[in-house]
Every structure is written in structure tokens, then in C-alpha cells.
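Here is the structure we will look at, set down as C-alpha cells.
The values are calculated or read from the model by the stated rules, or taken from the named source; none is laboratory data. Just so you know, these numbers come straight off a predicted model, no measurement behind them. Heads up, the Cβs are rebuilt from the backbone with ideal geometry, glycines too, and the neighbour counts pull from every protein chain shown.
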Amino acid sequence: MAIGNKCIIVCPPTTEAMFPFQEIPPCLLTAGNKSLLEIVLDRVSLNQFDEIILIASNHAKIQKLVELYQVKFCEWREDLPRLLYEELLDYENMMVVHGNSWIDIEDISKLYAVMKNGSCGLLTRNYERHEKTGDGFGVWVDQNVKAIYAHPREHYVNAQLCNAYVWNKEMLSFLKYCEQGFHNVNCGQMPDQAFYIEEAIQNAIEHGVCFESVSCQKPYVYMRFPWDIAYANILYCQELNEMTENHLYLGTKIDGSVKCHGYLETGIDVVIQDGVIFEGNCRIGNHVRIEKGAIIGKNCVIGDGSIVGYQCRIHDYTVIGTNNKIGYHAEVCGVTFDGVCAVHGCEIYGIIGKKVDIAAGVVMAILRFDDEHVIQKINGRKYSGLYTNYICLGNYCRTGVGNIFLPGVKVGARSAIGPGVLVENDIKENSLVLLKQETVVKEWGSNRYGW
């Protein structure tokens, strides 16, 4: 006999579109130094599920989270609809969310309420003004969801699907017999032969199953491209607006000259030296040192074990990763992962991977002369948005003194760039880039001045 409610968190594998971070399972990418999967697990766990199941690759960090959160693990399968059918057999209702996404607590709770009523529902959101409808899955909503379209033209849809669903036993046969590909496309389109949950849902809609449209009230991000990392971290930082008082760990050392125009949350063994200015709220991890004269912007995060050097400038909504060393007079805007070392006088604007070495005088430029967003080309398609100008450096890269990075360039993991190189195009992983130059040497001396 089927009983209770089950939550499935699905974590699809990475794709080449995530370059230069395609080596990392997207669910393990971080927002505020916490993996997206952890954030989703925390938020899902606030609701009363009889069982939570994680469907993902067999990665060591994922297995650690399975043990920590005491959830059931199933290894990722390409025939995902069939796997969901097998998991639904013994339960009345099911929620499916993606661990590769940023989804707000309120929106999860709204979906949960629909499921508790025994109904089916899809989380949807209106398209932003700058977004194109012809990417991903769109829906036509008229109170309920009337149809799902893949890569639709604008006049077919009025909302976007947000990869979060609830359903009941009515979905069993549609999941069980879901075919590869997606059939509800515009004439002349060429769907691939992957399995899609949306194919099962569209078949159910065509056979009379009613799906409520649950309107997404908060921002939603799905990790498809590297610049999505920036948006998810900004959303995390925006949540720091909710801080209304200081939370200082006993023993935190703050010099009396420090100016704070917001609230601080600190961990163990935090030292904040004289002349530091906080322009807004800030979350500071354990064993952090912020040195003289540093300026920390609004709603920033500084990870465990990090050092922010003398007179550094950390811009608003920036996340400094764990165990970072930001040298004196450095300027940082964006996201750094674990173990980044950025020495004196550099300017960082972008997403910087694990253990990346940023040399002295490196400049990352994200503002174009025409003030337009960089057009990124991925798999033959063009993308442009608020964060496509960010520079992205994959894990374990090394830069050279005086490198200049032009807006939107991406450097693959384990690459090294020699001194003085102007990086104007993407660089594939495992590359060594050196400057080829011609020098002129002539005789010179006192006699040239008439001595």
C-alpha cells in the first residue's frame, strides 16, 4: 500500500557548457562557500517528507553529504523518468527538485503545499525582459499549465519552467513509458534522444492530468553556464540583508577604529585590524584576518581561514572563498573558490577557481567601451546577459605578472599564462600561454650624451 510523501533531489551531470568548471558536478558548485546541494538539502528538510532521496553521480563529496543528512542515495541514470517511476511506486506523492539550482525556501514551501493537497504542480516563472524564450523549456499557463514546449518561439509560451515539480500516482504510467526525446516542439526543430522528465509531464497533460502553475516569487538559478555561479552567489549575499544585529563569536578581536555601517557575523579566532571599513553587512568565517585599512563592501562573505590584506578593496556582493590570501592593495569583485592566492596590486573581476594563483599587477577588465554585454558562443548558440562579462579561471590555473584579461574570457583548468600576456580569447584546459616578442638591443652609454 502506497503511503506518505517523498522528495527526490536530482543532480544531473555536468556538461561542456560549464567550461571552465566542467570538472565539478554542478550541484557541488558553491554559493556563499556552501554547495548548492547543501543549500537545497537544508531547504527541503524544513518540510515534512517521509523520505528524501538523492539521485547523483557517485562522487566522494556527494557521499559525504548523503551520510551527513541521512538521506538515501541512488546513482544517476540516463533513463531518469523510469527511475522516478520506481521511486513513486510505494508513495502517494512526490516532489522533484534539482540539486544543481538555487531555489528559495518560500517557493519550495509553495510546491510542498500543492503536494500535500494531493495535486500536481510545476514551478514556473515569468521571463525577464532580457531573456529569450527559445532556450530550455517554456510553458503556456492559463491558471493551470496547458502545455510545455522545448526551445519555443515567443508566441507559444508565457512562462519558463523551473525544474521543480510535484505529482501523485496519476504520473506512474507516464513516467514508466516515457520515451527518449521531446515531442512537443515547433515544426523543423531537432530534439535530441535524451530522456526528459518534461516529456512525461507533457504526455500527462495531453491525457488530462491537471498541473497547477506555482508561480516562482523569488529569483531562481539553474547551473547551465559558468556565469550562473555569479548570480547564485549574489543571491546568497542579498540574503545578508536580513541581518539585524551583530553575531560576534566570543573572542573576536575588533580594533576600536574599525567603522561598520552594517552588522557582522563572525566565527572563531577572527581578527579585524585598525582602519578597516565595512560598508554593509558581512559574514566572516573562522580563523580570518582582515588587515589594516581594508574596505569591505556591502553584503560580503569571507570564508574560513582567509586573509584580506592591507588596504584591499572587496566590492559589494563578493564572496571570498575559504583559505584565500588576498594581498595588499588587491581589488576583488565576484567569487573566489578555495585556496585562491591573489598577490599585491591585482584587480579581480570574475569567478576564480580552486587554488588559482593570481600574480602581481594582473588586471581583469569587465567593462567594454560600448557598455554592452559580451556575447558568449556555446555549442553554436549565442548567450548574453548580466554576468557574461565576468572572467572565469578554472581550477589550478596560474597567471603571470601583468596579465590583462579582456571581458568574458574563460581559461580552462590547469593552465599557465606567462608574464605580460593579453588574454583576449578563451584558453582550453592544460595550456601554457607565453608571450612571443621581438626586442631590439643597441649600444648606449655616456658618449651618447656628449661626455
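Entry remark, segment 203-239: residues being among the charged types (D, E, K, R) and either in contact with a Cys (Cβ under 6 Å, 6 or more places away or on another chain) or more than 28 Å from Gln180 (Cβ to Cβ) (or both) number 2 in total.
Can you tell me which of Gly394, Gly400, Gly385 is surrounded by 17 or more Cβ atoms within 10 Å (Cβ to Cβ), at pLDDT below 95 and either within 15 Å of Ala342 (Cα to Cα) or within 19 Å of the chain's Cα centre (by Cα) (or both)? Answer to the check: Gly385. Scanning segment 259-285 for residues that are outside any loop (DSSP other than H, G, I, E, B) and either in contact (Cβ under 8 Å) with a residue 24 or more places away in the chain or within 10 Å of Ile302 (Cβ to Cβ) (or both) yields Cys282, Arg283, Ile284.
Just one of the listed residues (Tyr317, Tyr236) is in contact (Cβ under 8 Å) with a residue 60 or more places away in the chain, crowded, with 20+ Cβ neighbours inside 10 Å, under 21 Å from the mean Cα position of the chain (by Cα) and at positive phi, namely Tyr317. Segment 354-394 holds strands (runs of 3 or more DSSP E) entirely within its bounds, and those carrying 2 or more residues that are over 21 Å from His151 (Cα atoms) and touching a residue at least 40 places away in the same chain (Cβ under 8 Å) map to 391-393.
In segment 123-136, of all residues being over 23 Å from Ile375 (Cβ atoms) and not hydroxyl-bearing (Ser, Thr, Tyr), the one that is modelled with the lowest pLDDT corresponds to Asn126. In segment 286-295, of all residues being in a loop (DSSP other than H, G, I, E, B) and of a type in the set (A, V, I, L, M, F, W, C), the one that is farthest from the chain's Cα centre (by Cα) corresponds to Ala294. Just to be sure before I move on: is Val276 farther than 28 Å from Leu37 by Cα, surrounded by fewer than 17 Cβ atoms within 10 Å (Cβ to Cβ) and either at pLDDT 95 or above or not hydrophobic (A, V, I, L, M, F, W, C) (or both) in the structure I sent? So Val276 fails the test.
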